[in-house]
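The values are calculated or read from the model by the stated rules, or taken from the named source; none is laboratory data. Everything numeric here is computed off the predicted structure, so don't read it as measured data. Please note: Cβ atoms are built from the backbone with ideal geometry, for glycine as well, and neighbour counts cover all protein chains shown.
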Amino acid sequence: MQAFAYHNPTTVADAARMSLQEDAKLMAGGQTLLQSMKLGLMAPSAIVDLAGVAELKGITVDATSVTIGAGTTHAAVAASKEVQAAIPALAELAGHIGDRQVRNRGTIGGSLANNDPAACYPAAVLGLGATIHTNQRTLTADEFFAGLYTTALAEGEIITAVKFPRAEKAGWQKFKQPASRFSLVGVFVSKGPAGVRVAVTGAGASGVFRATGLEAKLAANWSAAALAGATVPSTELNSDLHGSAEYRAALIPVLAARAVG
């Protein structure tokens, strides 16, 4: 790796200011950034490490929502008794991201800002109809995800927290790539204040997306039986050495039915 400056701010305001330096990169857990630098895919002039920003960490649960600070690790979400009680599927998802090392370093904010097309958290955020809070504004999940590794975040904008509405019902199923533990296909379903939502990760060529056809079936009848014989078009899905677009299309309704229970 080439030489770079290292900044360790303690406030969101300082981090945002430092991130505006030419070719500077924000770092949360560093699970993607550092690997990309080692491979020569990124060469930032400076890294702005968010690990020391205390205001980005923590979990708050009330009668209607679960709010998770952007700097909160996957392991902390998975271990939270409050999250387990309020939205069990969210704690379950967090507890099966990557391996133990990834869960103890990776953060929800870092995962969402990177928006890997096979990451798990985007499915939970879109599938529960969460809102993403930044140092500048609040975005709905439908507004936030803009495509492959692309989000609505602007220069100098930092995710500060994610607010999930407490759902009446929610479930998560993941068919993982055994080496990376990324989702070949992952499906998050929910029924709650945001209506019935089905979000799919790992399958879409443009990243996480909502399976509106499955949503319509579950809105009429929330049951696994409602998805019997359901199909998803394969035209805009990934094909790679792990599975064809048709294979992923076949998995989506199966995993959605399992997530419904």
Worksheet item: In the range 156-170, which residue that is touching a residue at least 40 places away in the same chain (Cβ under 8 Å) and part of a loop (DSSP other than H, G, I, E, B) is nearest to the chain's Cα centre (by Cα)?
Response: Ile158
Item to complete: Taking Gly127 as meeting all but one of (1) surrounded by fewer than 24 Cβ atoms within 10 Å (Cβ to Cβ); (2) not in a strand (DSSP E or B), write down the number of the exception.
Response: (1)
Discussion item. What's the total number of residues in the range 150-163 that are exposed (fewer than 13 other Cβ atoms within 10 Å of the Cβ) and either in the same structural domain as Ala194 (by TED's automatic domain parsing) or hydroxyl-bearing (Ser, Thr, Tyr) (or both)?
Written reply: 1
Discussion item. For the range 25-50, which positions are surrounded by fewer than 20 Cβ atoms within 10 Å (Cβ to Cβ) and small (Gly, Ala, Ser)?
Written reply: Gly30, Ser36, Gly40, Ala43, Ser45, Ala46
Discussion item. Of the residues Ala79, Ala91, Ala70, Ala86, only one is surrounded by fewer than 16 Cβ atoms within 10 Å (Cβ to Cβ) and either within 21 Å of Phe175 (Cα to Cα) or of a type in the set (A, V, I, L, M, F, W, C) (or both); which?
Written reply: Ala79
Worksheet, complete the sentence: Residue set Gln136, Gln177, Gln173; condition of a type outside the set (Val, Ile, Thr), crowded, with 20+ Cβ neighbours inside 10 Å, farther than 14 Å from Thr73 by Cβ and more than 13 Å from the chain's Cα centre (by Cα); output residue Gln173
Fill in: Condition met for Glu82 (more than 13 Å from the chain's Cα centre (by Cα) and either part of a helix (DSSP H, G or I) or at pLDDT below 95 (or both))
yes
Item to complete: Name every residue in the range 120-149 that is among the aliphatic types (A, V, I, L, M) and at pLDDT below 95, in order of residue number.
Response: Leu148
Worksheet item: Since Val232 meets every condition but one in (1) in contact with a helix residue (DSSP H, G or I) (Cβ under 6 Å, 6 or more places away or on another chain); (2) part of a strand (DSSP E or B); (3) among the aliphatic types (A, V, I, L, M), which condition does it not meet?
Response: (2)
Worksheet item: If you go through the range 191-229 one residue at a time, how many are in a loop (DSSP other than H, G, I, E, B), under 25 Å from Pro117 (Cβ atoms) and among the hydrophobic types (A, V, I, L, M, F, W, C)?
Response: 5
Worksheet entry | Which listed residue is closer than 19 Å to Asp62 by Cα, hydroxyl-bearing (Ser, Thr, Tyr) and under 14 Å from the mean Cα position of the chain (by Cα), from Thr131, Thr107 | Thr131
Worksheet item: Name the residues in the range 176-215 that are out of contact with any strand residue (DSSP E or B) (no Cβ under 8 Å at 6 or more places or on another chain), touching a residue at least 60 places away in the same chain (Cβ under 8 Å) and over 24 Å from Val102 (Cβ atoms), would you?
Response: Gly195
